[in-house]
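Just below is one structure, and these are the notes that go with it.
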Amino acid sequence: MALMGRVALVTGGAQGIGRAAVEALMRSAAKVSVVDVNQDCGDACKSELDAEFGGGSCAFIQCDVTDGDALRADAFQKTADMFGRLDIVINNAGINNEKNWEKTIGVNLTSVIKGTYLGLEHMSREYGKQGGTIINVSSMAAFMHSPHQPVYTATKHGVIGFTRAMADASVLGNYGVRINVLCPAFVDTPLLHSVEEEDNMGKFVKFKEDFKRTMDKFGVLQPSLIADGMMRLITDAALNGAVMKITCSKGIHFHTYEPMSA
Ligand SMILES: NC(=O)C1=CN([C@@H]2O[C@H](COP(=O)(O)OP(=O)(O)OC[C@H]3O[C@@H](n4cnc5c(N)ncnc54)[C@H](O)[C@@H]3O)[C@@H](O)[C@H]2O)C=CC1
Ligand SMILES: CCCCCC(=O)/C=C/[C@H]1C=CC(=O)[C@@H]1CCCCCCC(=O)O
């Protein structure tokens, strides 16, 4: 019952890692807004969650996170209007598309930046709000660059740099919002199957056997473990600017950086 009365917004929440996060939040008694571009998957998700947790604790909002106006008005504002407040934002929606790589930048990086700024508008003391917490989802591809996914890799590097800078800005500006980043290794979700398709991988599809060998080498995690990591980032008030990694070999752990020196 740790999050009783708290309200969360999860992008890409209808399936995969986002869905596992939504369920973990609801088990902790939070109210959750599931924001996803996929109408059918979102409707099914909402019915299943209502059946498990009872109606009124979650909402599904169909929204493409790359549509900035819709993200502002349909996702963030409607969530705040419906549930009366916003405390937790998980910018999780992501795609793997090297063919349409501009779209990958739009979903994986630009929308995470917009989601963070909108989260601050609804939660930061700068805007007269009560504070809160934001998680941005990156990937282990930000540490072990993937030759099969150069643009995906670039976006996930960008998410870490942006998040760490914003975490420091939050301290300097006394926003009252903790901002952290999560980097999972391979996770058993529909996204992993995208590496089979030329439509997703473009010319890098010819490396798919190498990609699969890497997966076999490092193993594949279950979404529930990623949700456990997210719940730790949400509930541990000491964490801000943390870079959480989750791998098969080490489980949930943190990346450490050398302190900056002049
Ligand atoms: N599955 C994996 O091995 C890993 C995934 N990640 C990251 O975790 C996050 C979640 O990935 P998965 O759950 O694996 O993927 P998934 O493909 O299973 O689920 C992603 C969800 O995001 C939604 N989505 C996609 N584009 C959207 C858009 N423009 N607007 C709104 N919703 C949109 C999809 O409809 C889907 O419900 C992504 O940021 C991904 O890059 C990071 C490391 C490993
Ligand atoms: C379709 C999207 C999948 C993205 C998954 C991902 O995070 C990819 C990461 C890889 C990029 C190059 C690699 O070798 C990565 C594997 C990362 C696993 C590292 C585990 C290390 C360990 O167990 O200590």
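The values are calculated or read from the model by the stated rules, or taken from the named source; none is laboratory data. Since the model is a prediction, treat every value here as computed from it, not as a measurement. Cβ coordinates were reconstructed from backbone atoms using ideal geometry, including for glycine residues, and neighbour counts include every protein chain displayed. Accessible surface areas use protein heavy atoms only, side chains included; no ligands, DNA or RNA. Shrake-Rupley method; radii C 1.70, N 1.55, O 1.52, S 1.80 Å.
Structure data summary
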| item | result |
| --- | --- |
| Exposure of Tyr257 as accessible area (Å², to 10), given a probe of 1.4 Å and all protein chains | 90 Å² |
| Residue-averaged 222 nm ellipticity for the chain, from DSSP H runs of 4+ at -39500 (n - 2.57), nearest 500 | -12000 deg cm²/dmol |
| Length gained when the stretch Glu48-Leu172 is fully extended (0.36 nm per residue, less Cα-Cα span) | 40.4 nm |
| Residue-normalised accessible area of the chain, given per residue in Å² at a 1.4 Å probe | 46 Å² |
| Separation of the Asp69 and Asp210 label points, Cα + 7 Å toward Cβ, nm | 4.3 nm |
| Within the accessible area of the chain (1.4 Å probe), percent carbon and sulfur | 53 percent |
| FRET efficiency, Ser261 to Tyr117 (Cβ-Cβ, R0 22 Å, nearest 0.05) | 0.10 |
| For the chain, the Rg and Dmax computed from alpha carbons only, in angstrom | 17.5, 57 |
| Surrounding net charge for Tyr152, when Lys and Arg each add one and Asp and Glu each subtract one, Cβ distance under 12 Å | +2 |
| Relative contact order [Cα under 8 Å, 6+ residues apart], the chain, whole percent | 18 percent |
| GNM top mover of Ala24, Ala141, Ala51 - the chain, alpha-carbon springs below 10 Å | Ala51 |
| For segment 84-161 versus segment 6-24, the gap between their alpha-carbon centres in whole angstrom | 14 Å |
| Only Lys, Arg (+1) and Asp, Glu (-1) charged, at Cβ; the chain dipole about Cα centre in debye | 720 debye |
| Restraint check, Lys46/Lys203; Lys208/Lys245; Lys99/Lys156; Lys46/Lys156; Lys46/Lys114; Lys208/Lys250, Cα-Cα greater than 27 Å | Lys46/Lys203; Lys46/Lys156 |
| Percent antiparallel among DSSP beta bridges (both partners in the chain, rounded to 5) | 10 percent |
| Cut-off 15 Å, label 7 Å out along Cα→Cβ of Ile252, residues of segment 181-219 by amide N | 181-185 |
